[in-house]
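J.: Okay, here's the structure, questions in a sec.
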Amino acid sequence: MNKIIEASHLSYAYPADEEGMAPHVALRDVSFSVNEGEFVAILGHNGSGKSTLAKLLCLVLEPDGGQLYIGGKNMTDENVSDEDVYAARRQVGMVFQNPDNQLVATIVEEDVAFGCENLGLPSEKIRKRVDSALATVGMTKYARHEAHRLSGGQKQRVAIAGAIAMRRKCIIFDESTAMLDPAGRKEVMETITKLNREEGVTVLHITHYMNEATMADRVIVMSDGCILMDGTPSEVFSRPEELWKANLDVPQTTELLWRMKKAGYDVRLDIFDPRLCAEEIARALDEKKD
Amino acid sequence: MAEIVIKDLTYVYGKGTPYEMKALDNVTVTFKDNMITGLIGHTGSGKSTLVQMLNGLLRPDSGEVFLDGKNIWDEPKEISKVRFKVGLVMQYPEYQLFDETVRRDIAFGPGNMGMKPDEIEKAVEEAARFAGLKPHLLEKSPFDLSGGQKRRAALAGVIAMHPEVLVLDEPAAGLDPGARREILQRIRDYQRESGKSVIIVSHSMEDMAMYCDRVVVMANGAPVIEGTPAEVFSRAEELYSVGLDVPEVTKVARALRDCGVDIGLDIYTVKFAASRLPGVIEQ
């Protein structure tokens with residue numbers, strides 16, 4: 001399996017400012033790697049270093065220490081060529097939190113084309129990529145619509161289409177669902193899942209919604225600039241006490257099962273689907289009766 | 001103490017242009033005294049427009065807004081007084097912070113109301129404590145604060161005016177679960193201590209279920225469901241049909257009934273669900 005991201009012992013501190021504020025250490029000794037095609041959720045309290053990590057992975061910030069490989073190329077090597085850095089930047093894209101802050105054109109299809117135009121692609125090629133990207137996110141019929149009139153979920157799907165059209169191998173979603181209503185959140189999560197499963201795009205999804213993290217292959221939990229846990233959703237959410245301590249949460253299904261377990265029932269904690277959770281509860285109640 | 005009564009209110013954006021859009025369509029609703037009312041609805045349902053009606057930031061095209069029985073638009077020149085009585089904390093706290101220090105920022109509203117300097121100082125300290133702002137932060141620039149701290153500063157600036165009604169648009173969006181719980185708990189404590197009316201707008205069904213006494217559901221410019229969290233969240237199909245959701249634990253309760261275990265459909269928090277399971281007491 002090819003590794004798209006390989007980070008070892010990354011550290012980063014925001015420098016001291018003129019007013020004498022001390023430098024702020026945002027990441028310390030962070031090591032992990034992401035395989036091509038993986039869907040990784042990143043959880044962490046405010047200020048835990050999630051967004052700083054995302055900026056390092058997009059090469060917007062340079063780490064103070066440690067090594068970072070993108071697509072097998074060492075970005076932290078002093079002799080890394082500009083071409084290699086540009087090539088790496090083209091592989092990793094980002095979708096932000098506020099749907100209103102990332103659309104640049106007035107018409108949907110022009111917005112999706114913007115990145116490709118900057119890559120200097122011929123116009124027929126751009127046309128093809130824009131059409132297929134809009135189809136992937138289910139926004140084809142809005143191609144000629146005004147972007148600012150769309151709903152929050154639709155705007156985020158347009159931003160995703162822009163990243164797909166640029167053929168990003170890896171997309172980092174920095175709390176891209178935080179400001180959406182339940183339907184918008186569902187739309188965007190379905191799009192992200194489809195992108196990952198059907199198009200093979202590597203996904204890093206930063207979120208405060210525990211239920212969204214259960215949809216990933218793997219969950220990385222950050223706390224105070226370090227990686228606290230790294231495992232499957234089952235492994236991570238089976239440790240509710242530690243998550244609560246890190247200012248995080250568990251899905252409600254897990255919390256309910258945890259309360260049953262505390263009361264002496266023999267139940268699993270790693271069940272996130274309401275129906276399966278209900279079956280587990282019914283089974284445990286029945287068992288206790290006998 | 002104050003109650004807000006909205007009657008037959010209609011509001012249209014861009015009237016007479018090709019983009020004319022009816023944001024509020026003949027809305028009649030009451031925000032009761034001494035409780036937390038949650039306002040939920042899909043994007044574009046009219047929630048934010050309605051919120052801006054409550055303190056007179058927008059003027060209705062037709063219909064009335066009554067604050068304590070008095071139509072707020074009877075004397076349009078006095079509308080700024082309504083804004084002292086109905087405090088609005090906006091979704092993006094950075095949009096309403098502007099002064100050099102947090103202390104001066106919080107003091108701005110009380111100063112405008114004509115409070116005396118010693119009263120202002122007291123109001124600032126009290127409001128900061130209510131919002132959970134540590135004293136040393138008061139001397140900092142509001143722009144050096146973290147997202148969560150900015151939210152507290154904006155909240156304190158509104159509480160310092162001692163509003164009769166407190167309106168909060170997404171007070172916890174973007175905060176981690178721990179900070180979310182803390183700020184919502186503070187708002188709840190503030191409501192319980194003051195006995196005032198608090199209105200919260202949010203997209204999180206779980207938070208609304210946990211912290212509100214009453215929930216108003218908006219869809220397409222008008223309220224469609226009103227009631228206690230138990231009443232509202234037991235109507236899952238209707239909520240789905242207007243782009244909303246129910247808490248996950250409510251879905252578990254519904255699925256449990258299909259498994260032959262009936263703990264009721266009026267379940268809306270994990271604690272509540274647990275309390276209906278034999279032997280699972282509150283921890």
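The values are calculated or read from the model by the stated rules, or taken from the named source; none is laboratory data. None of the values given here were measured: they were computed from a predicted structure. FYI the Cβ positions are ideal-geometry reconstructions off the backbone, even for glycines, and counts take in every protein chain you see. Please note that ligands, DNA and RNA were not included when accessible areas were found on the heavy atoms of the full protein model with its side chains. Shrake-Rupley method; radii C 1.70, N 1.55, O 1.52, S 1.80 Å.
J.: Residues in the stretch A:80-110 that are exposed (fewer than 15 other Cβ atoms within 10 Å of the Cβ) and either within 14 Å of another protein chain (Cβ to nearest Cβ) or of a type in the set (Asp, Glu) (or both): how many?
T.: Residues in the stretch A:80-110 being exposed (fewer than 15 other Cβ atoms within 10 Å of the Cβ) and either within 14 Å of another protein chain (Cβ to nearest Cβ) or of a type in the set (Asp, Glu) (or both): 5 in total.
J.: I'm trying to understand the selection: among the residues of the stretch B:246-259, which are within 20 Å of residue A:283 (Cα to Cα), within 28 Å of the chain's Cα centre (by Cα) and at the interface with chain A (Cβ under 7 Å from one of its Cβ atoms)?
T.: Within the stretch B:246-259, B:248, B:249, B:251, B:252 meet the criteria.
J.: Another one. All but one of (1) touching a strand residue (DSSP E or B) at 6+ places or on another chain (Cβ under 9 Å); (2) buried (at least 23 other Cβ atoms within 10 Å of the Cβ) hold for residue B:142, so report the exception by its number.
T.: Here residue B:142 meets the rest and fails (1).
J.: Within the group A:159, A:135, A:113, which residue is touching a strand residue (DSSP E or B) at 6+ places or on another chain (Cβ under 9 Å) and either part of a helix (DSSP H, G or I) or open to solvent by less than 60 Å² (accessible area, probe 1.4 Å) (or both)? It would help to see each step written out before you state the result.
T.: Numbers: A:135 fails: touching a strand residue (DSSP E or B) at 6+ places or on another chain (Cβ under 9 Å); A:113 fails: touching a strand residue (DSSP E or B) at 6+ places or on another chain (Cβ under 9 Å).
Just a single option satisfies the conditions, and that option is A:159.
J.: Moving on. For the stretch A:60-97, give me each residue that is part of a helix (DSSP H, G or I) and in contact with a Lys or Arg (Cβ under 7 Å, 6 or more places away or on another chain). Can you show your working first?
T.: In the first step, residues of the stretch A:60-97 are kept if they are part of a helix (DSSP H, G or I); the result is A:82-91.
The answer is A:84, A:88, A:91.
J.: Give the residues of the stretch A:232-287 that are within 11 Å of another protein chain (Cβ to nearest Cβ), more than 24 Å from the chain's Cα centre (by Cα) and among the charged types (D, E, K, R), sorted by residue number.
T.: Result: A:259, A:261, A:262, A:275, A:279, A:280, A:283, A:286.
So that you can scan it fast, the table gives a plain yes or no per residue for (1) assigned to a loop (DSSP other than H, G, I, E, B); (2) under 25 Å from residue B:180 (Cβ atoms); (3) over 21 Å from the mean Cα position of the chain (by Cα); (4) free of Cβ contacts under 8 Å to residues at least 24 places away in the same chain:
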| residue | (1), (2), (3), (4) |
| --- | --- |
| B:81 | no, no, no, yes |
| B:100 | yes, no, yes, no |
| B:103 | no, no, yes, no |
| B:115 | yes, no, yes, yes |
| B:118 | no, no, yes, yes |
| B:122 | no, no, yes, yes |
| B:130 | no, yes, no, no |
| B:143 | no, yes, yes, no |
| B:148 | no, yes, no, no |
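J.: Just give me the residues in the stretch B:145-158 being open to solvent by 50 Å² or more (accessible area, probe 1.4 Å) and under 14 Å from residue B:89 (Cα atoms), in sequence order.
T.: Of everything in the stretch B:145-158, just one residue is open to solvent by 50 Å² or more (accessible area, probe 1.4 Å) and under 14 Å from residue B:89 (Cα atoms), namely B:149.
J.: Right, residue A:45: closer than 25 Å to residue A:178 by Cα, within 14 Å of chain B (Cβ to nearest Cβ) and open to solvent by 10 Å² or more (accessible area, probe 1.4 Å) or not?
T.: yes
J.: How many residues does the stretch B:171-206 contain that are farther than 19 Å from residue B:34 by Cβ, among the charged types (D, E, K, R) and surrounded by 20 or more Cβ atoms within 10 Å (Cβ to Cβ)?
T.: 3
J.: Please count how many residues of the stretch B:221-245 are over 14 Å from residue B:38 (Cα atoms), open to solvent by less than 10 Å² (accessible area, probe 1.4 Å) and either of a type in the set (Asp, Glu) or within 14 Å of chain A (Cβ to nearest Cβ) (or both).
T.: Going through the stretch B:221-245 one residue at a time, the tally reaches 2.
J.: With respect to residue B:209, determine if the residue is in contact with a helix residue (DSSP H, G or I) (Cβ under 7 Å, 6 or more places away or on another chain), assigned to a helix (DSSP H, G or I) and more than 28 Å from residue B:27 (Cβ to Cβ).
T.: Considered against the rule, which asks whether it is in contact with a helix residue (DSSP H, G or I) (Cβ under 7 Å, 6 or more places away or on another chain), assigned to a helix (DSSP H, G or I) and more than 28 Å from residue B:27 (Cβ to Cβ), residue B:209 comes out as no.
J.: Looking at A:144, A:149, which one is open to solvent by 20 Å² or more (accessible area, probe 1.4 Å), within 14 Å of chain B (Cβ to nearest Cβ) and closer than 17 Å to residue A:103 by Cβ?
T.: Of the residues listed, the single one that is open to solvent by 20 Å² or more (accessible area, probe 1.4 Å), within 14 Å of chain B (Cβ to nearest Cβ) and closer than 17 Å to residue A:103 by Cβ is A:149.
J.: Related question: With the structure loaded, tell me whether residue B:140 is among the basic types (Lys, Arg), touching a helix residue (DSSP H, G or I) at 6+ places or on another chain (Cβ under 7 Å) and modelled with pLDDT of 90 or more or whether it fails that test.
T.: Here the answer is yes, as residue B:140 does meet what is asked.
J.: Next up: Just name the residue that is farthest from the other protein chains (Cβ to nearest Cβ) out of those in the stretch B:260-280 that are farther than 15 Å from residue A:265 by Cβ and more than 30 Å from the chain's Cα centre (by Cα).
T.: Here the answer is B:262.
J.: Additional query: For the stretch B:83-98, what are the residues that are touching a residue at least 60 places away in the same chain (Cβ under 8 Å), part of a helix (DSSP H, G or I) and open to solvent by 20 Å² or more (accessible area, probe 1.4 Å)?
T.: Of everything in the stretch B:83-98, those that are touching a residue at least 60 places away in the same chain (Cβ under 8 Å), part of a helix (DSSP H, G or I) and open to solvent by 20 Å² or more (accessible area, probe 1.4 Å) turn out to be B:84, B:85.
J.: For the stretch B:16-45, what are the residues that are part of a loop (DSSP other than H, G, I, E, B), more than 24 Å from residue B:75 (Cβ to Cβ) and either free of Cβ contacts under 8 Å to residues at least 60 places away in the same chain or open to solvent by 10 Å² or more (accessible area, probe 1.4 Å) (or both)?
T.: Listed by number, the residues that qualify are B:16, B:17, B:18, B:19, B:20, B:32, B:34, B:35, B:42, B:43, B:44.
J.: Keeping to the stretch B:212-239, report how many residues are on the phi > 0 side of the Ramachandran plot and outside any strand (DSSP E or B).
T.: Step one: of the stretch B:212-239, the residues on the phi > 0 side of the Ramachandran plot are B:220-221, B:227.
Checking which are outside any strand (DSSP E or B) leaves us with B:220-221.
Final tally of qualifying residues: 2.
J.: Sticking with this one: Report whether or not residue B:12 is in a strand (DSSP E or B) and touching an Asp or Glu at 6+ places or on another chain (Cβ under 7 Å). Steps first, please.
T.: Working: in a strand (DSSP E or B): yes; touching an Asp or Glu at 6+ places or on another chain (Cβ under 7 Å): yes.
So residue B:12 passes the test.
J.: For the subset of the stretch A:199-215 comprising residues that are more than 14 Å from chain B (Cβ to nearest Cβ) and open to solvent by less than 10 Å² (accessible area, probe 1.4 Å), which member is farthest from residue B:178 (Cα to Cα)?
T.: Per the stated criteria, the residue is A:202.
J.: Still on this model: Restricting to the stretch B:6-20, count the residues that are farther than 13 Å from residue B:223 by Cβ and out of contact with any Lys or Arg (no Cβ under 9 Å at 6 or more places or on another chain). Full working, then the answer.
T.: As a first pass, look at the stretch B:6-20 and keep what is farther than 13 Å from residue B:223 by Cβ: B:10-20.
Still in the list and also out of contact with any Lys or Arg (no Cβ under 9 Å at 6 or more places or on another chain): B:14-18, B:20.
Residues in the stretch B:6-20 being farther than 13 Å from residue B:223 by Cβ and out of contact with any Lys or Arg (no Cβ under 9 Å at 6 or more places or on another chain): 6 in total.
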